[in-house]
Amino acid sequence: MKTTAELFGENLRNQLYAKGKTQADISRNLNVTEASVSRWVNGQSVPRANMIDRLCKYLGCSVEDLTTDHNKPVEYAPEDIIAEQIKENPRLMKLFIYAIQMSNEDLDKLIEDMKK
């Protein structure tokens, strides 16, 4: 079972990736040390509540996005999850738009290439 710090770090890494941000971006924009951000991302510590709020505002996410175990079953349809992820992530939106314009054959080839 993951510790609270490990869970927070995993979720923070995922949010950084999804939003195209770096640890240095957080350090610079929220005026915290790079060492602190590194400890959060690596699951060694959890920031105080006021800093979690600031992180959420900066990343455009909810407190639950950073503190909830997303590997637990959810109560709504997978299509809703997918739609929300696409809506929130410009890169996923771009990928989705390209994918729906592809032929089935090209899409199958792309899927196979991505699996490699």
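The values are calculated or read from the model by the stated rules, or taken from the named source; none is laboratory data. Because the structure is predicted, anything quoted here is derived from the model rather than measured. As a convention, Cβ positions derive from the backbone with ideal geometry for all residues, glycine included, and neighbour counts pool all protein chains shown.
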Within region 6-29, which residues are crowded, with 16+ Cβ neighbours inside 10 Å and more than 12 Å from the chain's Cα centre (by Cα)? 7, 23, 26, 27
Restricting attention to region 36-58, which residues are out of contact with any helix residue (DSSP H, G or I) (no Cβ under 9 Å at 6 or more places or on another chain) and either buried (at least 17 other Cβ atoms within 10 Å of the Cβ) or under 16 Å from residue 9 (Cβ atoms) (or both)? 48
Just need a number here: residues in region 30-64 that are over 18 Å from the mean Cα position of the chain (by Cα), part of a loop (DSSP other than H, G, I, E, B) and closer than 16 Å to residue 7 by Cα. 3
Please find, within region 80-104, the residue that is modelled with the lowest pLDDT out of those that are more than 20 Å from residue 61 (Cβ to Cβ) and small (Gly, Ala, Ser). 99
